[in-house]
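Written out below as structure tokens is the structure these notes cover.
The values are calculated or read from the model by the stated rules, or taken from the named source; none is laboratory data. Nothing here was measured: the structure is a model prediction, and the numbers come from that model. Ideal geometry is used to build each Cβ from the backbone, glycine not excepted, and the neighbour counts take in all protein chains shown.
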Amino acid sequence: MRRLLTQIVVLSVGAVALVGFGGISTFLASSHVETSVTADSNDVVKMRAQLADTKRELERAHQILEYSGRYGIPADLSAQIYDIATQEGIPAAVGFQLVKVESEFQNTAQSPASAIGLTQLRVATARAYDAKVDPSDLMNPDVNLRLGFRYLKDLLKRFDHDMSLALEAYNKGPTFVAAEQDQGRDVTGRYSKAVIAGVRRKG
């Protein structure tokens, strides 16, 4: 029991260092820890759950700050990319590198091919997921990231979880990549290599 309490204290100190006294005080206020060493087994279970939650929050905060510094982007944008990539089942490192390659983290970016926003989605592609999306919606980071990462996730499923093929399909279109595969051609190109090399170099 004493060891568990010691772990909680250590994690709380780490949380202060990562997110500041204001943030951790709010967290601790909403996650009261029973400090009695005579707590029954239910209290121990609760404390272990709180400890696990604290560890997850600390890891999330660490990753967000790490990517923010690595790419020189605001912490709030880093948090959006990290959280949405995680929620959509995309490795965070791939999500960040895809956004870097596609838009250099500019949510108002537009290409000559009418691709828009952080993940450079076309309206037609986005409307496969949300029929009401319009071009201005794709300049909203939350909308753009969620639909872009969901599209990549679906491409991963289509191409048997081959990240290189899924990325090439993201860039060139899945129909083209599938046709090239049917012809026995190697479709791995500069795009997927740029994303994956960036992930490996910075991972």
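The table that follows gives values for the structure above.
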| read-out | value |
| --- | --- |
| Contacts under 7 angstrom Cβ, first residue in segment 56-68 being among the small types (G, A, S), partner buried (at least 18 other Cβ atoms within 10 Å of the Cβ), 6 or more apart | A61/V19; S68/S78 |
| Among (1) in contact with a Pro (Cβ under 7 Å, 6 or more places away or on another chain); (2) farther than 20 Å from S192 by Cα, the one test that L118 misses | (2) |
| Boolean, I84 is touching a strand residue (DSSP E or B) at 6+ places or on another chain (Cβ under 8 Å) and β-branched (V, I, T) | no |
| Residue match in segment 89-111 (condition: within 21 Å of M163 (Cβ to Cβ), touching a Pro at 6+ places or on another chain (Cβ under 8 Å) and in a helix (DSSP H, G or I)) | no |
| Residue within segment 154-168 that is more than 26 Å from P74 (Cα to Cα) and over 22 Å from the mean Cα position of the chain (by Cα) present | no |
| Members of segment 121-140 found to be under 18 Å from G173 (Cα atoms) and assigned to a helix (DSSP H, G or I), listed by number | V123, A124, T125, A126 |
| Helices (runs of 4 or more DSSP H) within segment 141-203 that include 1 or more residues modelled with pLDDT under 90 and exposed (fewer than 15 other Cβ atoms within 10 Å of the Cβ) | 190-202 |
| Single unsatisfied condition, A131 versus (1) within 19 Å of the chain's Cα centre (by Cα); (2) surrounded by fewer than 16 Cβ atoms within 10 Å (Cβ to Cβ) | (1) |
| Candidates L152, L138, filtered to the one that is touching a residue at least 24 places away in the same chain (Cβ under 8 Å) and touching a helix residue (DSSP H, G or I) at 6+ places or on another chain (Cβ under 7 Å) | L152 |
| Any hit, segment 67-88, residues being closer than 18 Å to A166 by Cβ, acidic (D, E) and touching a Lys or Arg at 6+ places or on another chain (Cβ under 9 Å) | yes |
| Qualifying positions in segment 36-84 - surrounded by 14 or more Cβ atoms within 10 Å (Cβ to Cβ) and either of a type in the set (S, T, Y) or in a loop (DSSP other than H, G, I, E, B) (or both) | A39, T54, Y67, S68, Y71, I73, S78, Y82 |
